[in-house]
Amino acid sequence: VGLLRTLPALNAYSCVPQPIQRAVADVLTDAPFLDAFFEEARSKSKASYEICARKLDEMVAPFDESKAGPFVYVDFSSLLPEKNRRGEARFEALVQRAARVALTPGRSMGDTRPGRVRICYAW
């Protein structure tokens with residue numbers, strides 16, 4: 001009962017402390033740092049995408065080339081044990097367990113074709 005009365009107080013709004021705000025403001029106004037940071041981020045993102053695309057090419061898995069964002073949309077339908085949602089679920093579980101790659105099923109994005117998945121290559 002005491003816990004239930006205390007919980008609403010935990011939801012109180014609080015600002016980010018001023019020293020943290022100041023530190024963030026300093027970083028966000030440091031143009032040379034930001035230029036270097038974003039260049040490195042772009043470079044690492046590009047390298048991750050290239051690794052992912054190369055591996056998909058090696059697997060002969062058709063995919064949509066990523067133009068922006070950290071995702072690749074892949075057609076793994078030829079690898080499904082069954083050409084239905086159950087086969088897709090089994091395949092996704094296998095990939096997650098064996099390769100530790102999380103796949104977002106195409107059905108969650110409105111694609112009705114089993115085997116279409118989205119991979120985030122930015123991990």
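For the reader, a short list of remarks on this structure follows.
- Check on Arg90, at pLDDT below 90 and more than 20 Å from Trp123 (Cα to Cα): no
- Residue ID - surrounded by the fewest Cβ atoms within 10 Å (Cβ to Cβ), chosen from residues in region 59-115 that are assigned to a loop (DSSP other than H, G, I, E, B) and among the basic types (Lys, Arg): Lys67
- Conditions (1) in a helix (DSSP H, G or I); (2) more than 22 Å from Arg42 (Cβ to Cβ); number of the one not met by Leu56: (2)
- The set of residues from region 23-58 being surrounded by 11 or more Cβ atoms within 10 Å (Cβ to Cβ), charged (D, E, K, R) and over 21 Å from Cys120 (Cα atoms) comprises just one member, Asp30.
- Selection within region 112-123 - closer than 20 Å to Ala53 by Cβ and not small (Gly, Ala, Ser): Arg116, Val117, Arg118, Ile119, Cys120, Tyr121, Trp123
- Of the residues making up region 65-102, those that are in contact (Cβ under 8 Å) with a residue 24 or more places away in the chain, within 23 Å of Glu50 (Cβ to Cβ) and either in contact with an Asp or Glu (Cβ under 7 Å, 6 or more places away or on another chain) or hydrophobic (A, V, I, L, M, F, W, C) (or both) number 6.
The values are calculated or read from the model by the stated rules, or taken from the named source; none is laboratory data. Just so you know, these numbers come straight off a predicted model, no measurement behind them. All Cβ positions, even for glycine, are placed from backbone atoms using ideal geometry, and neighbour counts span all protein chains on display.
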